[in-house]
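Have a look at the structure below, then the notes.
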Amino acid sequence: MSDAPLLQVTGLTKHYSGHRSIGQRLGGVPQTVVKAVNDVSLSVRRGEILGLIGESGCGKSTLGRAILRLHEPTEGKVVFDGKDVTALDADALKSMRRRMQIIFQDPYASLNPRRTVAEIVGLPLKLHGLATTQDEVRAKVAAIIEKVGLKANQLDRYPHQFSGGQRQRIGIARALISNPEFIVCDEPVSALDVSIQAQIIELLLNLKSELGLTYLFISHDISVIGYLSDRVAVMYLGEIVEMGPVDAVLSRPRHPYTQSLMSAVPEVDVHAQKSRVRLTGDLPSPLNPPSGCKFHTRCPLAIDICKVKAPVTETVGEAHTAACHRLAEKLSLLEAAEA
């Protein structure tokens, strides 16, 4: 694994304009803004798996898609292998996308039901000019389909003829067919049964090792992130609140939100007495996020400054950072719960 980042994201922001009805527009109702991702900076080294975790609705998927420019960033810069992706024109972006791919969350919705496996997986070869004849396309599709654990004699079947796990393997094959270097895995196992999740996770790890891939792995499952990742970034309401080596972040979380996530992990031993941190309230709306620290409305450790001033990101260990006004006090919600 190289120390030089393959991907460098700086100040990435993605805001959406909220929908207004005709009556609201005529009535002068101001335009609302959904602040999905705010000033996110991170890097991913070549050959690394960076896990991105947070609650549903916190902006994880939006961040992944903005990195690939599937959603155009509002602000910020994405540098992939030395090239600024946000500054590329349409032709250059098309060429770059061959090297940057995505595996979608829903294997039922992400595959065209009217196309066969051969057509779905072979389309990137045609778009990027990676095969010249139909026979060459079919041969390459058959090879990648077998690599992900399916059979070449299934190429002429349609998505509805496969199980959920098999459909996700088709989605993985589609992402791999153009021989990419970086893949955004957008919760690729969350829609699958637990037994199938384990198979897909092992497949992704084997493919990473065999093909030298780099992953941004998005999930809301801490156990999956802990098993897969080299480093982990914790996201809350569009911002990265803690990031570092996976062992350090998960065993010694410094941000109160990360601590609350860790306390929610189920214990295998049903008789174990584990303290729980129960957050009050729901995740605030990105239409109107709280001032100051965005976590202060749910944080039991919040003080007055948290309500008015956003915390800066500080180093709390080797390659381990967090953003909290009370880091110097080394407070722990987990210890407080036990007390």
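The values are calculated or read from the model by the stated rules, or taken from the named source; none is laboratory data. Computed from a predicted structure; not experimentally measured. Cβ: placed from backbone, ideal geometry, glycine included. Neighbour counts: every protein chain shown.
Looking only at residues that are touching a helix residue (DSSP H, G or I) at 6+ places or on another chain (Cβ under 9 Å) and closer than 11 Å to residue 256 by Cβ in segment 312-335, which one is modelled with the lowest pLDDT?
Among residues in segment 312-335 that are touching a helix residue (DSSP H, G or I) at 6+ places or on another chain (Cβ under 9 Å) and closer than 11 Å to residue 256 by Cβ, the one modelled with the lowest pLDDT is 334.
Which of the residues spanning segment 248-281 are out of contact with any strand residue (DSSP E or B) (no Cβ under 8 Å at 6 or more places or on another chain), at pLDDT 85 or above, among the hydroxyl-bearing types (Ser, Thr, Tyr) and within 19 Å of residue 301 (Cα to Cα)?
260
Output the qualifying pairs, or none if there are none: Cβ atoms under 7 angstrom, residues six or more apart or on different chains, first residue in segment 290-303 and at negative phi, second residue surrounded by fewer than 18 Cβ atoms within 10 Å (Cβ to Cβ) and among the basic types (Lys, Arg).
291/307; 296/307
Just a yes or no: is a residue in segment 219-226 in contact with a strand residue (DSSP E or B) (Cβ under 7 Å, 6 or more places away or on another chain) and buried (at least 22 other Cβ atoms within 10 Å of the Cβ)?
Yes: segment 219-226 contains one or more residues that are in contact with a strand residue (DSSP E or B) (Cβ under 7 Å, 6 or more places away or on another chain) and buried (at least 22 other Cβ atoms within 10 Å of the Cβ).
Name the single residue, out of those in segment 310-327 being under 12 Å from residue 243 (Cβ atoms) and not small (Gly, Ala, Ser), that is surrounded by the fewest Cβ atoms within 10 Å (Cβ to Cβ).
315
Restricting the search to segment 214-224, which residues are assigned to a helix (DSSP H, G or I) and small (Gly, Ala, Ser)?
Within segment 214-224, 223 is the sole residue that qualifies.
If you go through segment 225-235 one residue at a time, do you hit one that is touching a helix residue (DSSP H, G or I) at 6+ places or on another chain (Cβ under 8 Å), outside any helix (DSSP H, G or I), under 28 Å from residue 191 (Cβ atoms) and at pLDDT below 90?
Keep residues of segment 225-235 that are touching a helix residue (DSSP H, G or I) at 6+ places or on another chain (Cβ under 8 Å), which gives 225-232, 234-235.
Cutting the leftovers down to outside any helix (DSSP H, G or I) gives us 229-232, 234-235.
Those left that are additionally under 28 Å from residue 191 (Cβ atoms): 229-232, 234-235.
Then keep just the ones that are at pLDDT below 90; that gives none.
No, segment 225-235 contains no residue that is touching a helix residue (DSSP H, G or I) at 6+ places or on another chain (Cβ under 8 Å), outside any helix (DSSP H, G or I), under 28 Å from residue 191 (Cβ atoms) and at pLDDT below 90.
From (1) in a helix (DSSP H, G or I); (2) at pLDDT 95 or above; (3) of a type in the set (Gly, Ala, Ser), pick out the condition that doesn't hold for residue 43.
Result: residue 43 fails condition (1) only.
Condition check ((1) hydroxyl-bearing (Ser, Thr, Tyr); (2) touching a strand residue (DSSP E or B) at 6+ places or on another chain (Cβ under 8 Å); (3) buried (at least 22 other Cβ atoms within 10 Å of the Cβ)) across all residues:
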residue	(1), (2), (3)
41	yes, yes, no
51	no, yes, yes
54	no, yes, yes
60	no, yes, yes
67	no, yes, yes
70	no, yes, no
79	no, yes, no
96	no, yes, no
101	no, yes, yes
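Of the conditions (1) part of a loop (DSSP other than H, G, I, E, B); (2) at pLDDT 95 or above; (3) of a type outside the set (A, V, I, L, M, F, W, C), residue 64 clears all except one; give me its number.
Exception for residue 64: condition (1).
With the checklist (1) buried (at least 19 other Cβ atoms within 10 Å of the Cβ); (2) part of a helix (DSSP H, G or I); (3) at pLDDT 95 or above in hand, flag the one item residue 146 doesn't pass.
Residue 146 satisfies all of (1) buried (at least 19 other Cβ atoms within 10 Å of the Cβ); (2) part of a helix (DSSP H, G or I); (3) at pLDDT 95 or above except (1).
How about segment 174-199: which of its residues are farther than 22 Å from residue 123 by Cβ and either surrounded by 23 or more Cβ atoms within 10 Å (Cβ to Cβ) or in contact (Cβ under 8 Å) with a residue 12 or more places away in the chain (or both)?
Within segment 174-199, 187, 189, 190, 191, 192, 193, 196, 197, 199 qualify.
Go through 201, 172, 196 for me and flag whichever is under 14 Å from residue 145 (Cβ atoms) and of a type outside the set (Lys, Arg). Walk me through it before giving the result.
Details: 201 fails: under 14 Å from residue 145 (Cβ atoms); 196 fails: under 14 Å from residue 145 (Cβ atoms).
Only one candidate qualifies: 172.
Could you tell me which of the residues 147, 126, 140 is closer than 28 Å to residue 70 by Cα and touching a residue at least 40 places away in the same chain (Cβ under 8 Å)? Before you say what the answer is, go through the steps one by one.
On the way: 126 fails: touching a residue at least 40 places away in the same chain (Cβ under 8 Å); 140 fails: touching a residue at least 40 places away in the same chain (Cβ under 8 Å).
After applying the criteria, what remains is 147.
Would you pick out the residues in segment 178-213 that are more than 20 Å from residue 141 (Cα to Cα), among the hydrophobic types (A, V, I, L, M, F, W, C) and outside any strand (DSSP E or B)?
189, 191, 192, 194, 196, 198, 201, 205, listed by residue number.
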